[in-house]
Amino acid sequence: MTKSPKIYVAGHRGMVGSAIVRYLLACGYSELSMVTRNRSELDLTNQVAAQEFFAKEKPDQVYLAAAKVGGIYANNTYPAEFLYENMVIEANVIHEAWRSGVQKLLFLGSSCIYPRMAKQPITEDALLTGKLEATNEPYALAKIAGIKLCESYNRQYGTDYRSVMPTNLYGIGDNYSSENSHVIPALISRFHNAKVVHAPSVTIWGSGKPKREFLNVDDMAAASVHIMNLDKQIYDEHTQPMLSHINVGSGSDMSIKELAETIREVVGYSGKIEYDATKPDGTPRKLMDSSLIRSLGWNPKIELKEGLKIAYNDFLQSAYTAASI
């Protein structure tokens, strides 16, 4: 038997990080082989704290899932925080990982790195070919910087730092707050609350016309571990030194209107859906080409409606837990 690697999952309490931990445990990795720290224990925006952590723990692998995330409202309201915090976290983790001898690292980015009007479906080589969506440009720039940090350390120091770009994620552990959540958890929360108070209608930002692709976070976790464990020669054969990121998506999209109607059905809300076209729509369409990762042996398993039922149950449990505290 080979020695189990010591794995640090940065952001293990977030939706993506917790899903990675769940998947690693399901694959037979020992909980004792994993290193985790919450924000109160380790502030990744603090370079000295990050340096001391890596010098002490010396992990073999790092999953960089720690990030400041949010929907259109949060990105529009806190652009400086989204740019600063994400860039500092990435710089500290990647640099200190290299300093402590970590050879394998997986950086988790976002599909918002691509130009607003990128040709659909979006291939990896669309990066840096056009203007970004204005509503989340600071976050996108930070994620682009993370990709380029990984590539630069690989080129200069011979590390094996990889990047995956997930589409819009949802699932267990999502953020259901009314201000800072993404579209699926926001709609789940709003439809549920409307059902409870018997509200006649729910108003949704935008026209409902933009199309989005969604992937369950547990599928994303499986893809992350799959890419991390790919033989380096295979990874290098399918990527380029300065175009090394890999898309991870479900392969299909739907309009926000279709999504809202599906979530209304899952939640069991019988009222009307109205759209406020004075609010921003964001990017018109965002469907990623995930043919590369599929050619490398990964495919999603969780259908959207099934995943939405799981997410709604998670919301109900979260709401019950919050009410019990």
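Structure summary
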| read-out | value |
| --- | --- |
| Within region 231-311, helices (runs of 4 or more DSSP H) holding 2 or more residues that are surrounded by fewer than 21 Cβ atoms within 10 Å (Cβ to Cβ) and acidic (Asp, Glu) | 232-238, 256-267 |
| Residue within region 81-102 that is over 23 Å from Asp160 (Cα atoms), surrounded by fewer than 18 Cβ atoms within 10 Å (Cβ to Cβ) and either in contact with a strand residue (DSSP E or B) (Cβ under 9 Å, 6 or more places away or on another chain) or among the hydrophobic types (A, V, I, L, M, F, W, C) (or both) present | no |
| Selection count where residues are in a helix (DSSP H, G or I) and either over 19 Å from the mean Cα position of the chain (by Cα) or free of Cβ contacts under 8 Å to residues at least 40 places away in the same chain (or both), scope region 74-83 | 3 |
| Residue that is nearest to the chain's Cα centre (by Cα), among those in region 15-73 that are small (Gly, Ala, Ser) and farther than 22 Å from Val225 by Cβ | Gly70 |
| Meets criteria (modelled with pLDDT under 95 and part of a loop (DSSP other than H, G, I, E, B)) for Val102 | no |
| Residue match in region 151-161 (condition: hydroxyl-bearing (Ser, Thr, Tyr) and at pLDDT below 95) | no |
| Residue that is touching a strand residue (DSSP E or B) at 6+ places or on another chain (Cβ under 9 Å) and modelled with pLDDT of 95 or more, where the choices are Tyr312, Tyr269 | Tyr269 |
| Where Ser33 falls short, out of the listed (1) modelled with pLDDT of 95 or more; (2) of a type in the set (S, T, N, Q); (3) surrounded by 15 or more Cβ atoms within 10 Å (Cβ to Cβ) | (1) |
| Qualifying residue in region 217-230 (condition: buried (at least 19 other Cβ atoms within 10 Å of the Cβ), under 30 Å from Glu274 (Cβ atoms) and either within 18 Å of the chain's Cα centre (by Cα) or in contact (Cβ under 8 Å) with a residue 60 or more places away in the chain (or both)) | yes |
| Every pair of residues 6+ apart whose Cβ atoms lie under 7 Å, when the first sits in region 194-213 and is more than 18 Å from Tyr73 (Cα to Cα) and touching a residue at least 40 places away in the same chain (Cβ under 8 Å) while the second is of a type in the set (Val, Ile, Thr) and in a loop (DSSP other than H, G, I, E, B) | Glu213/Thr167 |
| Odd one out for Tyr78 among (1) over 25 Å from Gln240 (Cα atoms); (2) of a type in the set (Phe, Trp, Tyr); (3) touching a strand residue (DSSP E or B) at 6+ places or on another chain (Cβ under 9 Å) | (3) |
| Total residues in region 148-180, condition surrounded by fewer than 23 Cβ atoms within 10 Å (Cβ to Cβ) and part of a helix (DSSP H, G or I) | 9 |
| Region 27-54 residues that are under 16 Å from Asn92 (Cβ atoms), paired with ones that are among the small types (Gly, Ala, Ser) and outside any helix (DSSP H, G or I) (beta carbon under 6 Å, 6 or more apart) | Leu44/Ala66; Phe54/Ser100 |
| Candidate set from region 1-11 (those that are surrounded by fewer than 21 Cβ atoms within 10 Å (Cβ to Cβ) and either of a type in the set (S, T, N, Q) or touching a residue at least 40 places away in the same chain (Cβ under 8 Å) (or both)); member that is nearest to Glu90 (Cα to Cα) | Lys6 |
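Residues are listed down the side, and each one gets a yes or a no for (1) of a type in the set (Ser, Thr, Tyr); (2) assigned to a helix (DSSP H, G or I); (3) surrounded by 14 or more Cβ atoms within 10 Å (Cβ to Cβ):
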{"site": "Ala19", "(1), (2), (3)": "no, yes, yes"}
{"site": "Tyr29", "(1), (2), (3)": "yes, no, yes"}
{"site": "Asp43", "(1), (2), (3)": "no, no, yes"}
{"site": "Ala49", "(1), (2), (3)": "no, yes, yes"}
{"site": "Phe54", "(1), (2), (3)": "no, yes, yes"}
{"site": "Val62", "(1), (2), (3)": "no, no, yes"}
{"site": "Ala66", "(1), (2), (3)": "no, no, yes"}
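The values are calculated or read from the model by the stated rules, or taken from the named source; none is laboratory data. What you see is a predicted model, and the numbers here were worked out from it, not measured in a lab. With ideal geometry, Cβ positions are generated from the backbone for all residues, glycine too; neighbour counts draw on all protein chains shown.
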